[in-house]
Structure formats: structure tokens, C-alpha cells
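Since the structure comes first, as C-alpha cells, the remarks are kept for the end.
The values are calculated or read from the model by the stated rules, or taken from the named source; none is laboratory data. Since the structure is predicted, the reported quantities are computational estimates derived from the model, not experimental observations. Every residue, glycine among them, receives a Cβ derived from its backbone with ideal geometry; neighbour counts consider all protein chains shown. Each accessible area value is taken on the protein alone, full model and side chains, heavy atoms only, with ligands, DNA and RNA left out. Shrake-Rupley method; radii C 1.70, N 1.55, O 1.52, S 1.80 Å.
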Amino acid sequence: MSAIDGLPPLREVIRTHGLAAKKSLGQNFLLDLNLTARIARIPGDLSGASVLEVGPGPGGLTRGLLAEGAGRVLAIEKDARCLPALAEVAAAYPGRLEVIEGDALEVDALAHLAPPIHVVANLPYNVGTELLTRWLSPPEWPPYWASLTLMFQQEVAERIVAQPGGKAYGRLAVLAQWRCDARIALRLPPEAFTPPPKVSSAVVHLRPLPEPRWPAEPEVLSRVVGMAFNQRRKMLRASLKGLGGDVESLLEAAGIAPTDRAEQVSIEQFAALARGVAARSRN
Ligand code: SAM
């Protein structure tokens, strides 16, 4: 029995329920309940809070979240084999854990959980970036989520928190930091997982700001930044040709040299450029 909740240790859960890891589902499990408790503490006090967990697997992080006092956890898991193990967790925390069998890219969490929601997940790597992009582009800001605490391959985590001037700086950094505080909260070696993945991992913690750091229309900013980094080695006067019209004047009005490359441009400058593009299309 485990000290945190009286449920069996995770190795035993995996054995009992035959949960041999499947590569196709990005299954690299965390079996150390001290570690999952540490991750569950990153968002701060969860007492009574609503939590969305994507990919609970055998339930290590889920158990950490519940033991930390989360009032309601909605866990979305694609692998039906995990459901009996998760039902045991639900029984140990009556009325606090709802498990949905399905694809997190298709389930509408808001139909099941009331905001504010803390999102905490050891994400399957193949859907992690897509989910993050969606969470960062909600219909309204501030978003329905109160924080995001997400495991990524270290290289992706570095891209989320990157500053201008380096290779890691790109669309993800701009999207994340334009209206969130983003930091790496924990780094984990491959051996922390069973089976160990090929690369190191890191947990990123994001908190939404009440308003963007600099005003811009989200769709325009996203389009401009996407275009700029799509051809990141080119000078902006070339990579942004698709904007049409006098691109050099637009860049100069935003305080950007037309000969600069995307990775030299700050988020403040991208926001100014997006405002210029939006203003031009209104005229
Ligand atoms: N949270 C568990 C842990 O920390 O040990 C498992 C993490 S494992 C990296 C990712 C989990 O996400 C697996 O259980 C996998 O079956 C599940 N998964 C993969 N793709 C999914 C998807 N599209 N929607 C929901 N769950 C998914």
C-alpha cells in the first residue's frame, strides 16, 4: 500500500491490469508517487480546485492531484486498458474523480468542469504541442484555465520559455509569453519514466496574465509570427512578402529592420507589427 492514499504501488497496478506501455500512445509512465506529488504541487494550493488531466494512464499524477486536495479532477484517457485502474482511484476519492475514455483533442472539458480550471498533465508527446496551442488560443482572454502545468520533451519546453536571439525562440515562445508568465518548473531525466524515453523532459508552468503584455489581435499576431518563423533564415522583408503591399514600411513602423530575421524580433515588436497589419487592412 502507498503512504499517500492506501492504494497499491504503481508497479503493482501496472502488473494487475496488464498495462504494458504502448509507444503509439506515447506511454512513458511516472511510477514514483513522490515525484507525481511534486508535480501536483507546482500549480500551488489545489484545495477544492477543478483540475483537468490529460492522459492519466495508470493514475500516478491523478493520485498526486487528489492527495493534494483537488476538489474535482476530470481525467481524459484514450487507452481503455487504464480505466479499471482509474476506477480504483475514483473509488478511493468518492465523487472527486471523473474519467472520460476518449481523445483529449476531441473532448470538450468545459462540458464537464467549471472554470477556473488548473490543467496538469504528463502529456503524450505526439499531442502536447497541439493541445498547448489550443489552450493558448482560447476564444476569450483571460482564458477558462487558471494555470497550465505540462510535461514536454525538454527541447519543446525550452522553446516555450525561449528569449529572442536563439534557435529555440519561435512561434511557441511568442504565443506563450505574449500573454502568460512561462517558466520551467522541473527537469526530469529519461530514467524518471517507465519505460525511459530517448530524451530528457521538463515540466512547464504557465499562468495567464489578465491582459496581453502588448495589444494585438490574436489571429493577426499568430498569422504574422507563423509566416515570419516559417522561413526563419530569411530576412523579414522576404519571409513576410505574403502580407502583400509595402512590407518594408510596415516593418519600419513597428521598429523592425527589414533585414532582420524572425528570431531577432521581440514579442513587443511582433505585437506592434500585428497592429500595423490590422490597421492597414481596416483602411
Ligand atoms: N499521466 C501518466 C503518468 O504520468 O504516468 C501517463 C503519462 S503518458 C506520457 C501519456 C498518457 O496519455 C498515456 O496514458 C496515453 O494512453 C494517454 N494518451 C495518449 N494520447 C492521448 C489522447 N489523444 N487523449 C488522451 N489521452 C491520451
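Evaluated over the Cα positions of region 218-282, the convex hull gives a direction-averaged projected area, one quarter of its surface, of 3.6 nm². The charge dipole of region 173-261, taken about the Cα centre with unit charges on the Cβ atoms of Lys, Arg (+1) and Asp, Glu (-1), comes to about 380 debye, rounded to the nearest 20. When region 153-283 is described by a simple charge dipole with +1 on each Lys and Arg Cβ and -1 on each Asp and Glu Cβ, the residue from VAL265, VAL204, VAL247 located farthest towards its positive end is VAL247.
Sorting ARG261, ARG41, ARG233 by solvent-accessible area of protein heavy atoms yields ARG233, ARG41, ARG261, largest first, with a 1.4 Å probe. Using only side-chain charges placed at the Cβ, +1 for Lys and Arg and -1 for Asp and Glu, the dipole size of the chain relative to its Cα centre rounds to 780 debye. The alpha-carbon of LYS22 sits under 17 angstrom from the alpha-carbons of these lysines, leaving out residues fewer than 8 places away in its chain: LYS78, LYS198.
For region 10-208, the carbon plus sulfur part of the accessible surface works out to 51%, probe radius 1.4 Å.
How much accessible area does HIS17 have with a 1.4 Å probe, in Å² rounded to the nearest 10? HIS17 has an accessible surface of roughly 50 Å² with all protein chains in place.
For region 228-242, backbone phi angles converted through the Karplus equation (6.51, -1.76, 1.60; θ = phi - 60°) give residue-by-residue couplings of 5, 8, 4, 10, 5, 7, 7, 5, 4, 4, 8, 5, 9, 3, x Hz, Gly and Pro being listed as x. Within a straight-line Cα-Cα reach of under 27 Å, LYS234 can be paired with the following lysines, leaving aside sequence neighbours fewer than 8 residues apart in one chain: LYS167. What the pair-distance distribution of region 41-155 shows, using all Cα-Cα distances binned every 10 Å from zero, is 14, 50, 32, 4 percent. When restricted to Cα atoms, region 10-208 yields an Rg and a Dmax of 15.9, 51 Å, respectively.
Per residue, the Cα convex hull of region 1-47 amounts to 102 Å³. Take the Cβ atoms of GLN231 and ARG81, set R0 to 30 Å, and the FRET efficiency comes out at 0.10.
Shown here for region 101-192: trypsin sites (Lys or Arg not before Pro) in loop regions (DSSP other than H, G, I, E, B) with at most 15 other Cβ atoms within 10 Å, namely LYS167. Computed over the chain, relative contact order equals 14 percent, with contacts defined as Cα pairs under 8 Å that lie 6+ residues apart. Taking every DSSP beta bridge that has both residues in the chain, what percent is antiparallel when rounded to the nearest 5? If we restrict to bridges inside the chain, about 50 percent are antiparallel.
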